[in-house]
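In what follows, a single structure is set out as structure tokens and then discussed.
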Amino acid sequence: FDSTAVKITSETLLGYALGLYFYTGVYLMSRCFYVMKNTKDPVKFSVLSIFANTVLALILVWKFKHVGIAMSTSIASLLNFAQLYYVYNKKYIKLDSIKLLKFGLVILAASAAAAAGAIFFSNSFIRLAVFSFVYMVLFIKPLMKEERFRKFFKR
């Protein structure tokens, strides 16, 4: 595994990382449909997502090579999540889109702050430890203001 392979792998992982929020969203939203005894819509949207992924991969691979394939998977996951979210809001329960968007932005900001804190270290283990510590502090501090979490930690 030489430096070229490391570069290619990191570029590809970045393409996949762009879709992490949506991979998780698809996982959770599909379970919401299953709870409502609706298995047809998630399957329909998955098939459409696979088709979109294939078409996007064929288009993006010419310009972006291996990163294009990863990006096509992330974009297809975004499309799948958007379909599931839209239909679930229409058929079942209206979700708070603003609250979900704010949560996503908080995760993005916390990740950026943790990465900024970790970037100054060359040792991978120390970098991971600093990233994890900063990330946990940023998330645990606001949670400690909630009564149910204070009760849990007072035990």
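Can you pull out every residue in the stretch 37-50 that is open to solvent by 70 Å² or more (accessible area, probe 1.4 Å) and in contact (Cβ under 8 Å) with a residue 24 or more places away in the chain? Correct list: L48, I50.
Within the stretch 51-77, work out how many residues are β-branched (V, I, T) and crowded, with 18+ Cβ neighbours inside 10 Å.
4
For the stretch 113-133, the set of residues classified as at pLDDT 75 or above and open to solvent by less than 60 Å² (accessible area, probe 1.4 Å) consists of A129, V130, S132, listed by residue number.
Filtering the stretch 78-109 down to residues that are hydrophobic (A, V, I, L, M, F, W, C) and buried (at least 17 other Cβ atoms within 10 Å of the Cβ), which residue is farthest from F22 (Cα to Cα)?
V87
Only one of the numbered conditions (1) surrounded by fewer than 17 Cβ atoms within 10 Å (Cβ to Cβ); (2) over 17 Å from the mean Cα position of the chain (by Cα); (3) part of a helix (DSSP H, G or I); (4) free of Cβ contacts under 8 Å to residues at least 24 places away in the same chain is violated by I8, and that is (4).
Screening A82 with (1) under 28 Å from K7 (Cβ atoms); (2) within 16 Å of the chain's Cα centre (by Cα) gives one miss only, at (1).
The values are calculated or read from the model by the stated rules, or taken from the named source; none is laboratory data. Computed from a predicted structure; not experimentally measured. As a convention, Cβ positions derive from the backbone with ideal geometry for all residues, glycine included, and neighbour counts pool all protein chains shown. Just so you know, the surface numbers come from the protein's heavy atoms only, side chains and all, with ligands and any DNA or RNA stripped out. Shrake-Rupley method; radii C 1.70, N 1.55, O 1.52, S 1.80 Å.
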